Every structure is written in C-alpha cells, then in structure tokens.
Amino acid sequence: MNGTEILSKFGFKVTKEPQSIYPFSPVYRVKNGNQDVIVKRTQGRSDSVMSYTEMLKGNGINVVTPVRLKVKNPQKIKDENFVVYPFIDGTVYSGKEQEIFEAGQLLGKIHSLSPISNTYNLLEYDVYDFNRDEVIESIDAISNHTKKANIAIDLESLQEELLESVAYQDEIQRAGLPHVATPHDYKANNLILTPDPYLIDPDNATWLPRIFDLALSLLLFHNEHKCAPARVFTSEEWETFLDGYKMYATLTEQEKVFWEKAMRHVFLDEVMWLMAEYEEDWQNPAQANLFRSLIEILLDGSDFSIG
C-alpha cells in the first residue's frame, strides 16, 4: 500500500508519492486546510485507543487525539488502521533536568488516570513465554553484530542474566501486580515540548503491569533520539524522573519488591530483540553507546531502584 492511497482515503490529494517522516513506518505530514496534520498507522483496536486518549485529553493531559474530518478518522485501509492527528509544533527533548522532571510528571499523571480494570478494552500484555533458545539465538545475533562493529561487550554475562530473566516469568505473571491503561511507548522521541511535554504517539496503548511501563521508560527513554544523551538515564536523572512521577502516582510495596525482576523482564522483551534485530544500530556510535549502558544496567542496576 502506497502513501498516496492512504492519504486519498482521508481526502488528501497529493500529486506524487509522499515521503514518510519516520524511517520505520509510514508517517506523513500533510496540510488539512491551514493546519498541518500527521497521518500514521495505529493499532487494530483503534476505537479503544481513541476512547482512552480522549479521556486523557479531557482530564488535562497533553496528548494528540484524532482530527475532525469529513471522513471517518481513524479508519481501516486494507488490513491496517490509520489515524490523522494534529501536528504539534514545539522543541525536542535534550536531556535537561527540568525536561526529565516534567516527563516523569506527565507519566505519573497518565498512570493516575487509569481505571482499575481494562474498561477501554485495550490490548492486554501477555508476553511471558520467552525461552532459552530465544535468548541463545539473540546472543548469537548480537555477537555477530558487535564483531562487525568491532565492539567488545561481556556476552557471557549478558546471556547469563537474560537466561535468569527467563526463569522469572511465571513468578511475575502470577504476582498480580497493579495494572494500568497506558500509552506504553513513553520515550523522548514521542514527546514534543510546547514547552510542557506533549505526547504525540499514544498508539501503543496497552493494559499492563504499571512497573513494566516505568521500566520501559528507564531503559529506552533515550532510544533513537538524536538530541538525547547516547545512554540511559544516570542514577541522578532517574531519581529526577521518579520525583516528577511520584507527585501523581504512588507505587506499592509489592511493586518495589518486584521492580528488579520486572525491569529485567522488560529488558528481555523490549531490549534483547532491539539489540539482536538491527545490525545497523551497532554501526551507529550513539546507539551502540546506548546499548552499552543498557547492558551495564542489566548487569548491575542497583542504583536504579524505585523505592
């Protein structure tokens, strides 16, 4: 499916094939009258996502919601769902202390607005089936990538930690951790500073353990962002993020107990495949430095508690 076809379904006429502004999926910036808008793919439960984000917006959260058009928005085009959002003008995150604090505040506000059950019928997180073979296969791929990039990492220790994380899965799944409705891709490249942080990509909205979402922010907040530091948060920056977060959300003692195992599970789910799948990332010095710092957190994350 080409971009011209997608845009035409929403009533936008273009004379040549549009160029996506995002390298990994179709995201188009076009004019809707005098307004710039973004046309992008969204998940299959688009109506659920839009109901959820409308609730967030109605409660004062800076988040994009669908633009009013003469046609249905969002809509299914062939086998995929697309949505038109307003283009949000502002500046990008650069790792300043105030930006980190306000990003933590926004996530805390979002979590505080979650219902106690999945009333918006969002996708439910259920990825608790990793196995030893997947870890070993990923380590083999990472080994090949790092050799080609001439990067030395402790693959033996990394594999040992990931295999240990596989063993935690059943325990975490059975723990009955508090769940929240959340956009679940909360990182710097999905925020625009207006100057307050504004969430521009809520399309991965999911019902999942709250500390999984928090762990994802710890691990990948700086992922694929040209202006962010080429590393995870420092321990001081993480405390700053949590200071903002805890102004609105209160973590339970159970979550504090399970935090390290949850963080390791999210590494297994979100980071392992990223390191294994994209060889070109290891050739990018900034992304390679981020990967190194991620491995350091996995091997010794004692300075990154939530207590």
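Scanning region 167-187 for residues that are touching a strand residue (DSSP E or B) at 6+ places or on another chain (Cβ under 9 Å) and either small (Gly, Ala, Ser) or not in a loop (DSSP other than H, G, I, E, B) (or both) yields ILE172, ALA175, HIS179, VAL180, ALA181, THR182.
How about region 28-55: which of its residues are more than 25 Å from the chain's Cα centre (by Cα), part of a strand (DSSP E or B) and polar (S, T, N, Q)? Quick ask: steps written out before the conclusion?
Pass one, region 28-55, residues more than 25 Å from the chain's Cα centre (by Cα): 31-35.
Cutting the leftovers down to part of a strand (DSSP E or B) gives us 31-32, 35.
The answer is ASN32, GLN35.
Restrict the check to region 10-22 and report whether at least one residue is surrounded by fewer than 18 Cβ atoms within 10 Å (Cβ to Cβ) and under 17 Å from the mean Cα position of the chain (by Cα). Yes - at least one qualifying residue is present in region 10-22.
The residue that is surrounded by the fewest Cβ atoms within 10 Å (Cβ to Cβ), among those in region 102-119 that are within 15 Å of HIS184 (Cα to Cα) and among the aliphatic types (A, V, I, L, M), is LEU113.
If you go through region 185-203 and keep only what is closer than 15 Å to GLU270 by Cα and at pLDDT 95 or above, you end up with TYR186, LYS187.
Is it the case, given these coordinates, that SER25 is within 19 Å of TYR186 (Cβ to Cβ) and not in a loop (DSSP other than H, G, I, E, B)?
Values: within 19 Å of TYR186 (Cβ to Cβ): yes; not in a loop (DSSP other than H, G, I, E, B): no.
No: the conditions fail for SER25.
Within region 66-81, the set of residues being part of a loop (DSSP other than H, G, I, E, B), surrounded by fewer than 18 Cβ atoms within 10 Å (Cβ to Cβ) and of a type outside the set (A, V, I, L, M, F, W, C) comprises ARG68, LYS70, LYS72, LYS78, ASP79. Within region 190-248, restricting attention to residues that are farther than 26 Å from LEU299 by Cα and part of a helix (DSSP H, G or I), which residue is farthest from the chain's Cα centre (by Cα)? The extreme case among them is GLY244. Picking from residues in region 82-95 that are more than 17 Å from LEU219 (Cα to Cα) and touching a helix residue (DSSP H, G or I) at 6+ places or on another chain (Cβ under 7 Å), the one that is surrounded by the most Cβ atoms within 10 Å (Cβ to Cβ) is VAL83. Exactly one residue out of GLN105, GLN98 is modelled with pLDDT of 95 or more, under 26 Å from LYS246 (Cα atoms) and touching a helix residue (DSSP H, G or I) at 6+ places or on another chain (Cβ under 6 Å), and it is GLN105.
May I ask you to say which residue of VAL257, VAL266 is closer than 19 Å to ARG174 by Cα, within 17 Å of the chain's Cα centre (by Cα) and at pLDDT 95 or above?
On the way: VAL257 fails: within 17 Å of the chain's Cα centre (by Cα).
Only one candidate passes the filter, namely VAL266.
Cβ separations smaller than 8 Å between residues 6+ apart or across chains give the following pairs from region 106-123 residues that are assigned by TED's automatic domain parsing to the domain that holds ASN190 to residues that are surrounded by fewer than 18 Cβ atoms within 10 Å (Cβ to Cβ) and among the small types (Gly, Ala, Ser): LYS109/GLY60; TYR120/SER51. Selection over region 126-149 of residues that are among the hydroxyl-bearing types (Ser, Thr, Tyr), over 18 Å from ALA167 (Cβ atoms) and not in a helix (DSSP H, G or I) gives a count of 0.
The values are calculated or read from the model by the stated rules, or taken from the named source; none is laboratory data. Everything quoted here is computed from the prediction, not taken from an experiment. We place every Cβ from the backbone using ideal geometry, glycine too, and count neighbours over all the protein chains shown.
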